Amino acid sequence: MNARVKKIILLLLAAALLFSSGQLEKSLNRDRAKLGLTISEPLQNAPPMLAFTTVALGGFRGLISNYLWIRSNDLQQDNKYFEASQLADWITDLEPHFAQVWAFQAWNMAWNISVKFKDFADRWRWVERGIELLRDEGLRYNPDNTLLYQQLGWIFQNKMGQNLDDANVYYKQQWANEMTPFFGANGTNFENLIHPQTAADRTNALVLRQKYKIDPAFAQKVDAQYGPLDWRLAESHAIYWGALGLQKAKENPDKVKQDDLIQLRRIVYQSMLQAFHHGRIIDDPFNKTYSLGPNLELINKVNDTYETLMQEDAANRDHIASAHRYFLTDAVYFLYGANRMAEAAKWYKILGEKYPDKGILDGDPNSFPRNLTLDDYAIARIQAELGDTSQERTTSVIEGLIAQSYYALAIGQDDRYEGFKLLAGKVYQHYVSKTAGHGNEARIGLPPFDVLNRTILNDLLNAQKPVLPYAARAVIRSQLGMPPEISAPPTVATSTNVIAPAVLPDTNAPATNSIGK
């Protein structure tokens, strides 16, 4: 037999053996499926060569996955994001029960790839794709894996809820627009989702469960434990997925890593803190936007969460206690600014009892709660944030607080109106008391408070150079008992009363972060 014939025979034999191995692999897969041993689904939508190689190599699928991972990274470096995304789908098809693959690919899309795009809408598509990859696919194959719940909650908390991405306001807007049909204008519609009575309610409940994978009954349970939350906002959904991950951990304690539990707890309490800072949507009918403000109704629940976590996580107690202290300082500050003095005094007392040797300025005994009245504490907080008490800076702060108070009055936020005005008066009085009696009042003194108040009010109500819309000016005039607007410049208010102030400027969640309707 010559060499040519031998080669042909060997090639035919190799082909036959290769074909037989593929058929044997199919038989083994069927047997594994019957016995519940299958850990992966057949590869879908892959090129023929990849599909053939996958079947032929069988147990070597891990090698294919590694190669695709390297190739995906190369494509991303070359800015070929869509090709990289397709390879990510194949990788997760090859390794569906390897949770780290899902977590990495979702993180890569939401954080790394998204920021390569300048257009906010393009960024949002990648962030949403990261959410969908974990929520719709990763948890489908790994319903009990706590890492995926933690990663999903992290996207809502960090990528969408915080302001680290230039497009964060756009993300908040898009998510609020998606959730409003389900949870309504107040963000707490559970009854119509759990017990739908109309065709529209039944459709909403079905879409919420099937598309967004949100169980309204569990969401209501989360709201009762941690709320009231506004379910149009990202933080509420971060808490939902964190709480669901903790629930899965209780059901499968043998499968849970301690680090995953710690991360899930952090998702919950950090998201609750964010919801406290900016978890209330303030409707602005004049500019057709929402502004985000503090949700003061969460204070008790946030405090309870910190207290519970300090008991459950003894190893990280000091870290959690530090976060708890800063939360209490904000609680006092925001309540004071909202003119809710009894509650501010209550939490100020708790702050002093729990952390007696920690003050506005760490290590400075003069800033300890026991050495300051509540009024002095609020002023000290502002001074610590502003850095000094210069005439120019103090005047700017007072005028800003007065302006915010009148705008809060225009949009019906009476508590914020009272709080801003009260705080403006306190800042003014504190500065005057500190600079009086030194013989330099003419050089560094402030104009009378009523003059500052009337100046800002006149600027806001000036129809010739409008700062506010006509409707907002009309509301302010009506609320203050002033005559209707005329073509001439508005009459100066004659009252010398200091109209009490309203909410402190929230440095953690600026009111300028608006969500468009």
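One residue stands out in region 198-216 among those that are assigned to a helix (DSSP H, G or I) and surrounded by fewer than 17 Cβ atoms within 10 Å (Cβ to Cβ): the one that is farthest from the chain's Cα centre (by Cα), namely ALA199. When you scan region 351-359, do you find a residue that is open to solvent by 10 Å² or more (accessible area, probe 1.4 Å), within 24 Å of GLN157 (Cα to Cα), modelled with pLDDT under 85 and of a type in the set (Lys, Arg), even just one? Checking region 351-359: not a single residue is open to solvent by 10 Å² or more (accessible area, probe 1.4 Å), within 24 Å of GLN157 (Cα to Cα), modelled with pLDDT under 85 and of a type in the set (Lys, Arg). If you go through region 185-197 and pick out every residue that is in a loop (DSSP other than H, G, I, E, B) and surrounded by fewer than 16 Cβ atoms within 10 Å (Cβ to Cβ), you end up with 4.
Criterion first (more than 25 Å from THR146 (Cβ to Cβ), acidic (Asp, Glu), open to solvent by 70 Å² or more (accessible area, probe 1.4 Å) and at pLDDT 85 or above) does ASP78 satisfy it? Judged against the criteria, ASP78 is not a match. Evaluation of LEU386 against the conditions (1) aliphatic (A, V, I, L, M); (2) open to solvent by 20 Å² or more (accessible area, probe 1.4 Å); (3) at pLDDT 85 or above shows that the sole unmet condition is (3). Within region 437-461, the set of residues being modelled with pLDDT of 85 or more and over 21 Å from PHE420 (Cα atoms) is empty. With respect to (1) modelled with pLDDT under 85; (2) open to solvent by 70 Å² or more (accessible area, probe 1.4 Å); (3) assigned to a loop (DSSP other than H, G, I, E, B), the lone exception for VAL503 is condition (2). State the number of residues belonging to region 131-184 that are of a type in the set (A, V, I, L, M), outside any helix (DSSP H, G or I) and in contact (Cβ under 8 Å) with a residue 24 or more places away in the chain. Qualifying residue count, region 131-184: 1. With respect to (1) at pLDDT 85 or above; (2) surrounded by fewer than 21 Cβ atoms within 10 Å (Cβ to Cβ), the lone exception for ILE299 is condition (2). Of (1) touching a residue at least 24 places away in the same chain (Cβ under 8 Å); (2) open to solvent by 60 Å² or more (accessible area, probe 1.4 Å); (3) within 18 Å of ARG135 (Cα to Cα); (4) not hydroxyl-bearing (Ser, Thr, Tyr), GLN225 satisfies all except one. Which? Failed condition: (3). The single condition from (1) open to solvent by 60 Å² or more (accessible area, probe 1.4 Å); (2) over 24 Å from THR146 (Cβ atoms) that LEU292 fails is (1). Being within 14 Å of the chain's Cα centre (by Cα) and buried (at least 19 other Cβ atoms within 10 Å of the Cβ) is a property that LEU148 lacks.
Would a scan of region 230-249 turn up a residue that is acidic (Asp, Glu) and surrounded by fewer than 16 Cβ atoms within 10 Å (Cβ to Cβ)? No, because not a single residue in region 230-249 is acidic (Asp, Glu) and surrounded by fewer than 16 Cβ atoms within 10 Å (Cβ to Cβ).
The values are calculated or read from the model by the stated rules, or taken from the named source; none is laboratory data. Everything numeric here is computed off the predicted structure, so don't read it as measured data. Please note: Cβ atoms are built from the backbone with ideal geometry, for glycine as well, and neighbour counts cover all protein chains shown. Each accessible area value is taken on the protein alone, full model and side chains, heavy atoms only, with ligands, DNA and RNA left out. Shrake-Rupley method; radii C 1.70, N 1.55, O 1.52, S 1.80 Å.
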